[in-house]
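The structure appears right after this line, and notes come after that.
Readers should treat all values here as calculations from the given coordinates under stated rules, not as data from a laboratory. Note that this is a predicted model, so its numbers are computed, not measured. Here the Cβ is made from the backbone with ideal geometry for all residues, glycine too, and neighbour counts use every protein chain on show.
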Amino acid sequence: MATPKRRKVETSEGSRPMSAFALRQQLLSASPSLSPAPQAEPQPAPDAQASTPTPAPKVLSPAKGRSSKRVASTEDETIQHTPQTKPGQSASTPIAGATESSSPTADPDEINPSKIGPQQFSTFRPSKSNSRKVAGGILELRLHDSERFLVLGSYGIKVLDGEITIAGASIRPPDGIKWVHAPHCHAIPVLRCSEETRLELHPHPQGPSLRKLERLSPLFRSLWHEPEGKASKRGAKTDTYKIICTSEDAPKRAFIQDLRSHPAWNKKLAGLTKAKPDQPALSVMLCGPKSSGKSTFGRILGNRLLTGAGQQTRTRKTPPSVVVMELDPGQPEYTPAGSIALVQVREPNFSPSFAHIAANEQNVTVMRCHSIASVSPASDPELYLECALDLFQRYQDTCKGLPLIINTPGWVLGTGLDLLSELVSTIKPAEVIYMSEDGPRETVEGLQAACKTAFTLLPSQQSEFTSRTAAHLRSMQALAYFHTKRNPSNQLLWNPTPLSSSPPLMVGYKGKNRGITGIISYEYQPPADLLAETINGSILCLVETEDVRAFTRLATESIDSSAVTSSADVMDVDGVALDLEAIIARTPEGIPYIPNTDAQTLDPRYAQTLGQVLLRGIDTKTGALQILTPIPLERIEAAKAAGHHLLLVHGKLDSPGWAYSEDLYYQSFNGSDVDNSKYDTVEVMNEDTESDKSDEEPENLELAGDISDTPWIEVLQGHEKRPVGSRVWRVRRDLGRAGPGVE
């Protein structure tokens, strides 16, 4: 841990004092390549800590991992023992006489790169005796007892003999092919066997389509294995996966982390999935702070339930499906950000959220979805609670006999604790699991008081490093969502061209038979003359009202204003006949909207969210909204045919900055005069903080091409047209320590 003790740097005679930054630059320039960091003596670490290669060439403080942008500025970072790099590179020469007085200096002779081997990820090594390529790019493998290995990329698993476990699921010969997307921005699932096993790895038919999203955003670059040749990025056919045996097999500057389950997790998972006859269906609520492993634990639990992990093949009993109640609007698994949903899952989940955001109806069915129009329940806690309880009511009405896994947000203090306590006391799950042994104490005590059943504390499992923050993942999820398409065989694919090249869906907003009933703004009501500019180019939620009682709260003000009528085209709200058109106002452009000055919402008991739309433009001449959406047109037409109203809800969703910059990155990626290889990485950051502003950080402008065809984009150099103080403020602790004459 860092200490406030001042440390003195002794230099050789005649040398001038220099700052930490100048010394670091001299160290880096001493050799064109950096040396691997010396590894400490092996210590018995808990299984929860996934092993990752050491970052290079960024130097991190041993006290607290900060962003890799930060230069060594604290007193602990004055001189690091050895710059850390990938194995296999030559060592850099330290400056003679440079020592750190607070700790002994390692002898350069003791740091021998030849003694430091590459990091091992797999015990299985492909060879001519245990692997062979067959037709169609299929790789057949033979594994012995207790062998394990990692596969980076997109692939399918087919077990021919024996059994394979991956991400909690057990795959056997009768199960057919199970498809996996494993980018290294998430922990990579480990394939294990406990007996002699023969299996096949198949190329993923959707892998090339998903990889092509790198043309539209740097966030999708360097997620997979590197192709053998540079020209392969221009369209050459390559394998969609690669076996990672050691860190030398990993892509350059990539942090490989294998997916591991803590021993305490394994013990709890075995107890939860044990067959218990004559008992009600399992229901588990997962709570805990941010980045504590709730989603990972829930995914492993669902996979074990669906595949009967730990059971004998002949006697295994598995439910036909598992129901997931996703209550985290910031990082949902199967729906866009800003929504919570009840999802029926029939197949194990081996992919990140952006790979199945528009899931196949055969494997995943979104039974009911509600949008709170925000990535945090703090925007409207009452609406969030009502939507969550409505989802639970739908579960009781339609699939009460199926296992239920409830994932909650990481808001565990203050109002967040009140929401969790209310959910626990109302839903009454069979078990509440809190994914942290470090509290906070008031949260644990509050949940224990609300829980009348079993309550379990499990250790959290956090990633030491991550190459994508929560805001990055939301942007990736949104981009993948709006670029989804289906081929004639109903397979999910991704369109790798910018949205500006896709024809929009024209939705009329004038007349009695218009496409949408109106627009509703949650939390904040813009003035009528600014509403069109506010929603233009933003993401909106498409909501279907199943009953006119959904407008009860919004109609209250109109009822008080004597908007009562006796015409035939009316709705009955609490015994009062109200003309729906009477509560609808119009903007100067003629766009219908429902005034909402009191920050009211639709009643979630009579409304559901179909998905999200991107309002590309407003055609005032024809009276049409130009929208882009992956929602099937058949689903929208079915809602209209049933006589239901369709509304667009505007709230506090993330701005779609990724959509505005797609054309620039697409032109740059396809340009022959641009070397994309040196921009293929996104800077590695540590886990999210309470104020996640990573989406506001400027992107690499060198990736942008000619902007003449994109008039909505203006490239600013440095801090051009930005106010003073707009940069991120960082605390400096090295002021005045180097003395006079600092370079």
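General remarks:
- Summing +1 for each Lys or Arg and -1 for each Asp or Glu among the other residues whose beta-carbon sits under 13 angstrom from that of LEU540 gives +1.
- Residue-wise HN-Hα coupling along region 400-411, computed from phi with Karplus coefficients 6.51, -1.76, 1.60 (Hz; x: Gly, Pro): 5, x, 9, x, 10, 10, 10, 9, 10, x, x, 8
- Prolate/oblate/rounded call for region 132-215, Cα gyration tensor, a/c under 1.5 rounded: prolate
- Rounded to 5, the percent of DSSP beta bridges in region 497-650 classed as antiparallel: 85 percent
- Exposure proxy ranking, count of Cβ atoms within 10 Å, fewest first, for MET435, MET285, MET506: MET506, MET435, MET285
- Difference of contour (0.36 nm per residue) and Cα-Cα distance, ARG514 to ASP278: 79.6 nm
- Counted over all Cα-Cα pairs of region 497-650, pairs farther apart than 21 Å make up 44 percent.
- Prolate/oblate/rounded label for region 263-457 (Cα gyration tensor, a/c 1.5): oblate
- Bridge orientation summary for region 263-457: considering DSSP beta bridges with both residues in this region, about 45 percent are antiparallel.
- Placing R0 at 25 angstrom, the Cβ-Cβ distance between ASN487 and THR398 gives a FRET efficiency of 0.25 after rounding to 0.05.
- Formal net charge of residues neighbouring THR609 (Cβ-Cβ distance under 14 Å; K, R +1; D, E -1): -2
- Neighbours of GLY271 by Cβ distance under 14 Å: Lys/Arg scored +1, Asp/Glu scored -1, total +4.
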